């Protein structure tokens, strides 16, 4: 049988070590984040186009943006992904990967139909599969679509902020 003071010392040592490890782990935890629209996040662009969007986030990071485009007209609506831009703090930060694929050609939306996509800025892609989280600040989508010969443009902006 061991001496009681030795057992007491071992128990105190374990409690102290667990407390230190817990404090270090807690101090290095990521802050929680959230997002909010900057301006309208649901826009009637014209009689032919309605756009809405948001950010794809969990409690600790945003990985991309979401976009819904409604063709409210009677003709085809074409999304030009090469002209559609990712905005970061109101500057052009490049193009998007759409639904985890890089579209080689524009996407056509039939009359009175909708398209919903997940957008990942190429600027945060680490490789073909993984992506870094979006930074705090303003992110946005500068959407370019064509309805016949008419070019439609809309900008949706969102702010990634630390949650309180």
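Here, each number is a calculation from the coordinates, and none is a lab measurement. Predicted, not measured: the structure shown is a model, and the values here were computed from it. Ideal geometry is used to build each Cβ from the backbone, glycine not excepted, and the neighbour counts take in all protein chains shown.
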With a 10 Å Cβ neighbour count serving as the proxy for reagent exposure, in which order, fewest first, do 149, 80 appear?
149, 80
Given a Förster distance of 41 Å, the FRET efficiency implied by the Cβ-Cβ spacing of residue 32 and residue 113, rounded to the nearest 0.05, works out to 0.65
Can you tell me what percent of all Cα-Cα pairs in region 80-121 are more than 12 Å apart?
64 percent
Footprinting proxy, 115, 77: sorted fewest to most Cβ within 10 Å, the residues are 115, 77
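Once you compute Rg and the Kirkwood Rh from C-alpha atoms, what is the Rg to Rh ratio for region 60-136? List each step's numbers first, then the result.
Values: Rg = 13.6 Å, Rh = 13.5 Å.
Over the Cα atoms of region 60-136, Rg/Rh equals 1.01.
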Using Cα-only point scatterers and the Debye equation, what is log10 of I(q)/I(0) for region 33-162 at each q in 0.12, 0.13, 0.15, 0.20 Å⁻¹, rounded to two decimals?
-0.42, -0.49, -0.66, -1.12
Put in order of increasing Cβ neighbours within 10 Å, starting from the fewest, 152, 82 give 82, 152
